[in-house]
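S.K.: Handing you a structure now.
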Amino acid sequence: MWERSGLVYYLCILALNTLLDCGHTEDAELIVEPNSPYLFSGESVTFICDMREGTDTDWLYTFNRNGRPVVSFSTDNSYSLNLTADLSGDYQCTGRHKVSTKLTKQSNNVTLSVSAGRPVATLRAGRTTIPVGGTLTLTCSVEGSAGWKYDWFRRSSDSHETLIITNGEQNINISQNGIYRCRGGRGKPVFLTEYSDDFRAEMTLSNRISVTLQHSWTKVFSGETITLVCKIKTGGDTEWVYEWRTTSSHTPPTHRVYRISSVSVSHSGRYWCKGRRDSYSSTEWSNAVQLLVSSYRPRPKVIVQKRTIPEGGNQILTCDMEDSAEWKYYWFRRTSVFSESQIIRDGKPETVLSVSQGGIYHCRGGRGNPVVFTEDSDAVTIEKRVSNKAVVTSQPNWPLIFSGETITVICDIHERGNTAWEYEWSKPNSNTTLTDNECRISSATVSDSGNYRCMGKKKWDLYSTTEWSDVITLTVSSHRPKANLSADSRAFPAGGSATLTCSANPPSFGWKYLWFREQTAFQHLTTQEFVFLSNETISVSQEGLYTCIGGRGDPIYYTEYSDSIRIYKIATKGAVVTMQPNWPELYSGETVTLRCEIQGGDTKWEYEWMTTSSFKPPNQNEYRISSVSPSHIGDYWCKGRLERAQQNSTGWSISFKLTTSYKPQPVLTVSPLWLSPGASVTLNCSVKHSSAGWRFFWYKAVPKLSDNSYSYELIPGSINGTEQDSYIVDGQTHTAGYVCRAGRGDPVYYTHYSGPKFVWSGDVRSAASLTVSPHRVQHFADDSVLLSCEGNSTEWQVKRFFEDGYLSYLPYCPFRGTMTGFTCYIDPNHLLGRTAVYWCESGSGEFSNAVNITANYDVILVSPVHPVTEGDSVTFGCKLRTEELLSNVAFYKNDELIQNNDRVDLNISAVSKSDEGFYSCKYSGKVSRQSWMSVKCEYD
């Protein structure tokens, strides 16, 4: 054992000598005393060099400053120095072994910072007074340095200063009042600091002291007179000198009573006082009295239940003001808006006033000496009702008025005696002209629509009025009505006639009609040219183009002319243009056939067409348009001529108007949006005029891996279309996209595809799975979120569908390779406070379960991402950006409050299907978004 230890020792010595022969090491230590980071000119320091090997006599020592030697090598391992400011710097010592001269060691660097000035001691105390029967702790320190001992001194105003403690501690306790100061000293010889500033220690007397306000008003307002009184419970005959302290901008007096004759906002603040018996004895400061002065004077409010006085009755007015018991009240009345106010009650404490006269009333409050008044209240007009009744009528009395018509609204008052009245109207903002009891509307506009009513005021007592009349309502249409002309037949045989009927559209009263027929121009019909049947109906026996117009009122107001109708006189049977198929609305690109049909008679007809469109039909009884376009739009007429008697013609048919619309796009809706396990979802495809022969075709949206688009695969069950406009997605279907379109006719005419809709499944047993970290639905807008796709595919893409309908894939999250899963990182810039559904898609068209990710800025709901199983426990929480889970949170389900207490979370110990729904939380006025919780059966 000894041999092994000796060998180890020998090897260590050999290794050490090898290291030392190559240079020097730095395992020596330089120690400085005193060891302080801050030193001062005049102090002495001693450096001690410790080689940490052998004895001190085995070495020779030298000391360096800033890399240069200050003493030569000697056997003395210490070096003392009297400091001056220019001796700041880095100090180091070097040791050389007396035997192995190649063995040297260097110490660590020690940095000295020497200040030129002498330091000043600082004296501090927790308070300035010595409590009754207690002591006060004083602390002396030299900022930024240590190692000091302290001398303490005391004097009074009539005594010399005395050294009370020498070379003492930093803290002392005193029980005597007086003036104290201290200084510090350290080192050998002792180096002394400058004296501290004087500290005046006072003795607290036991007398109780308080500040009181002469008036116990809740609030004080500018201009009022306030008196503060300093009260001392003396317990004997003592002459006190009073001292005040305040946080206001004013200097208080030095006597017991502080009177402020006209207080202002600058007097606001807290006020203390104390009493002084001599230079070193005083009471404690009193408790503070808070004086808050408002810059404005208060304004009372007149409260009245009704602003009318019934005949023979009275009304109660209340002058309402905060802290009403502190004021006295003054009431005023005016007999008109131009008269001066007359005081009717002067400075009484009662807030209510009973009045039996109409007029304009207001009040104000006053208090103090001298009296300071509040602002005047807003005026309240009180009217006294008389028994006369006002009635409003209109001339003419039409239920519907049109822009530009003239109408007069009249106010009638049933008289009792000979009374002169002034009239007041309540009416819409309009261009009406008021002439006492008439409101004349010379050219009505929509702004004249509304309710009209009136009341009467006695000319010599304007606050004695009738009740308001009942309301009459005027309705003014913004459009000029148009005459509507119809005929019982557009063609009549020789010797026959046609009956024309003219009416106003929209229907209304009071119209008389004028009739016109085009010759070289439209001319008014004379009584010889028609048979008068009624105001609206005439009979004509002449062929031609007819129109009509209506008029009413004084001056006469006319409708627009009706559309013209051509009346034909036919020699034989009439011709009619028909369309097959007869859809209620025809779309560009559809196939349609126009037919000229002649009922009865000889079937050997030759056909002729006339049209306003760009295409003229052939002279056949049918005109097939294989793809309707805007150039086919127009009116079509046809007539027939007998092959064997060309002079016999049917005359032209009634016009058939052909119109087209742009190809429609169906609207696809999904209800409900989320597919819960075991449930189903209904897709509904709606098209304008959906009953007009449409059949519906359903498609699945198949993703294209190459770009952000879909191809549509027809669902086998709807190859030939179906009359049903809905499609059921059962509970076994996972996340998938759907579109629809409609078709009709032969050949089939198709609408555009609808926009895609997605049925989102939360089923975790999808072909692939998507997980979210952090594991919650809602995140803050600047959170980072990780999405992980797992499944049997080597090509994944993460896609998302925003709540505003925008579909996209995450271009920075595709993955192709040999693995079966990957993780997608969503940085904060791509959340952007938006809500979207995320899912994984493979190159072979597999969908994962979908997860809803919601971003918010203020508060989020902590809720499960995936469906939960019936019977499981679920906990919801609420979270702010800067805090963990909160307490005192309100929780909602489907916008209904379900919990609001001091609980930190919402716990459902065993969920059931009835717990499924949208959840949210609210904290301190901030509301989270809603998140859906899906519940599945235990064996799903």
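S.K.: Of all alpha-carbon pairs in the chain, indicate the percentage at a distance above 55 angstrom. If you can, show how the numbers build up before the last one.
M.R.: On the way: 285971 of 441330 pairs.
Counting pairs separated by more than 55 Å, the tail of P(r) holds 65 percent.
S.K.: Compute the helix-to-body angle for 2-21: its Cα long axis versus the longest principal axis of the chain, expressed 0 to 90° and rounded to tens.
M.R.: The angle comes out near 80 degrees.
S.K.: Please report the projected area of segment 316-360's Cα convex hull averaged over all directions, in nm².
M.R.: The Cα convex hull of segment 316-360, projected and averaged over all directions, gives 3.4 nm².
S.K.: Taking the Cα centre of each part, how many Å lie between segment 308-379 and segment 75-107?
M.R.: Segment 308-379 and segment 75-107 have Cα centres separated by 98 Å.
S.K.: Oh, and also: Rank these by accessible area, largest first, 1.4 Å probe: HIS362, HIS250.
M.R.: HIS250, HIS362
S.K.: Roughly what would the spin-label model give for SER614 and ASP412, points 7 Å off Cα along C-beta, in nm?
M.R.: 6.5 nm
S.K.: With all protein chains present, calculate the accessible area of MET203 using a 1.4 Å probe and round the result to the nearest 10 Å².
M.R.: Using a 1.4 Å probe on the heavy atoms, I get roughly 50 Å².
S.K.: Ok, one more. Assuming a viscosity of 1.306 mPa s and a temperature of 10 °C, what translational diffusion coefficient in µm² per second does Stokes-Einstein assign to segment 297-406, Rh being the Kirkwood radius over Cα pairs?
M.R.: After rounding, the answer is 97 µm²/s.
S.K.: Using θ = phi - 60° and the Karplus curve 6.51 cos²θ - 1.76 cosθ + 1.60, what whole-Hz ³J(HN,Hα) does each residue of segment 204-213 get, with Gly and Pro shown as x?
M.R.: 7, 8, 8, 4, 7, 9, 8, 10, 10, 9
S.K.: Taking all protein chains together and a probe of 1.4 Å, list LYS893, LYS799, LYS604 from the most accessible to the least accessible.
M.R.: Output order, biggest surface exposure first: LYS604, LYS893, LYS799.
S.K.: Leaving ligands, DNA and RNA out of it, rank ILE719, ILE625, ILE898, ILE232 by accessible area with a 1.4 Å probe, largest first.
M.R.: Listed by decreasing accessible area, they come as ILE719, ILE898, ILE232, ILE625.
S.K.: How long are the three semi-axes of the equivalent ellipsoid of segment 20-106, in whole Å, if each is the root of 5 times an eigenvalue of the C-alpha gyration tensor, listed from largest down? Present the calculation step by step, with values, prior to reporting the outcome.
M.R.: On the way: eigenvalues 129, 30, 24 Å².
For segment 20-106, the ellipsoid semi-axes come out as 25, 12, 11 Å.
S.K.: Then there's this: How much accessible area does LEU533 have with a 1.4 Å probe, in Å² rounded to the nearest 10?
M.R.: Solvent-accessible area, nearest 10 Å²: 100 Å².
S.K.: Further question: With charges only on Cβ, +1 for K and R and -1 for D and E, what is the dipole size of segment 289-384 about its Cα centre, in debye, rounded to 20?
M.R.: Approximately 120 debye in magnitude.
S.K.: Name the aspartates and glutamates eligible as straight-distance cross-link partners of LYS639: C-alpha to C-alpha under 17 Å, and not fewer than 8 places from it in the same chain.
M.R.: LYS639 reaches GLU543, GLU597, ASP602, GLU606, GLU608, GLU622.
S.K.: What's the ranking of 186-193, 338-345 by average number of surrounding C-beta atoms within 10 Å, highest first?
M.R.: Working: 186-193: 16.1, 338-345: 11.5.
Sorting 186-193, 338-345 by mean packing, highest first, produces 186-193, 338-345.
S.K.: Next up: Per-residue ellipticity at 222 nm for the chain, helices alone: DSSP H runs ≥ 4 residues times -39500 (n - 2.57), over residue total, nearest 500 deg cm²/dmol? Don't skip to the end; give the middle numbers.
M.R.: Values: 1 runs with 20 residues, N = 940.
-500 deg cm²/dmol, from helical runs alone.
S.K.: With every protein chain in place, what's the accessible area of TYR195 (1.4 Å probe, Å², nearest 10)?
M.R.: Per-residue accessible area (TYR195): approximately 80 Å².
S.K.: In whole Hz, with x marking every Gly and Pro, tabulate ³J(HN,Hα) for segment 183-188 from phi via Karplus 6.51 cos²θ - 1.76 cosθ + 1.60, θ = phi - 60°.
M.R.: In residue order, the calculated couplings are 8, x, x, 7, x, 10 Hz.
S.K.: Another question, then. Rounded if a/c is under 1.5, else prolate if a/b beats b/c, else oblate: with a ≥ b ≥ c from the C-alpha gyration tensor eigenvalues square-rooted, which is segment 198-249?
M.R.: On the way: a/c = 3.13, a/b = 1.67, b/c = 1.88.
Oblate is the answer for segment 198-249, as a/c is 1.5 or above yet b/c matches or exceeds a/b.
S.K.: Additional query: Can you spot the lysines whose alpha carbon is less than 17 Å from LYS384's alpha carbon? Ignore those fewer than 8 places along the same chain.
M.R.: LYS384 reaches LYS306, LYS457, LYS458, LYS459.
S.K.: Still on this structure, I have one more. Report the Rg/Rh value for segment 161-274, based on alpha-carbon coordinates and the Kirkwood definition of Rh.
M.R.: Ratio of gyration radius to Kirkwood radius for segment 161-274: 1.20.
S.K.: Then there is this: Can you compute the radius of gyration and Dmax for segment 836-926, using only the Cα atoms, both in Å?
M.R.: Calculated on Cα positions, Rg and Dmax stand at 15.3, 51 Å.
S.K.: Going by amide H atoms built from the backbone, whose H comes under 5 Å of the H on LEU525, apart from near neighbours?
M.R.: HN-HN under 5 Å from LEU525: TRP515, PHE516, ARG517.
S.K.: Just add up the charged neighbours of THR374: K/R +1, D/E -1, any other residue whose Cβ is under 13 Å from the Cβ of THR374. Provide the component values of the computation, followed by the final result.
M.R.: On the way: positive: LYS219, ARG297, ARG299, LYS301, LYS328, ARG364, ARG367; negative: GLU224, ASP320, GLU322, ASP323, GLU326, GLU375, ASP376, ASP378.
Cβ neighbours under 13 Å give a net charge of -1.
S.K.: Once amide H atoms are placed 1.01 Å from N in the peptide plane, what residues at a sequence separation of 5 or more from LYS384, or on another chain, have their amide H within under 5 Å of its amide H?
M.R.: Amide H neighbours of LYS384: ILE309, GLY358, SER464, THR465.
S.K.: Amide H of CYS878 versus every other amide H placed in the peptide plane: which residues, excluding those fewer than 5 positions away on the same chain, fall under 5 Å?
M.R.: Amide H to amide H, under 5 Å and 5 or more residues apart or across chains, CYS878 pairs with VAL862, LEU886.
S.K.: P(r) for segment 55-205, please, calculated from all Cα pair distances in 10 Å bins and given in %.
M.R.: 10, 28, 21, 16, 13, 9, 3, 0
S.K.: Could you name the aspartates and glutamates in cross-link range of LYS482, using Cα to Cα under 17 Å and dropping any fewer than eight places away on the same chain?
M.R.: Leaving aside aspartates and glutamates fewer than 8 places away in the same chain, those within reach of LYS482 are GLU405, GLU536, GLU560, ASP563.
S.K.: While we're on this one: Taking the DSSP beta bridges in the chain as the whole, what percent of them are antiparallel, to the nearest 5? Can you show the working numbers first?
M.R.: Numbers: 246 of 277 bridges.
Of all bridge pairs located within the chain, approximately 90 percent are antiparallel.
The values are calculated or read from the model by the stated rules, or taken from the named source; none is laboratory data. What you are looking at is a predicted structure, and each value in this text was computed from that prediction instead of being measured. Every residue, glycine as well, gets a Cβ built from its backbone with ideal geometry; the counts of neighbours run over all protein chains shown. With ligands, DNA and RNA removed, areas are computed over all heavy atoms of the protein, side chains included. Shrake-Rupley method; radii C 1.70, N 1.55, O 1.52, S 1.80 Å.
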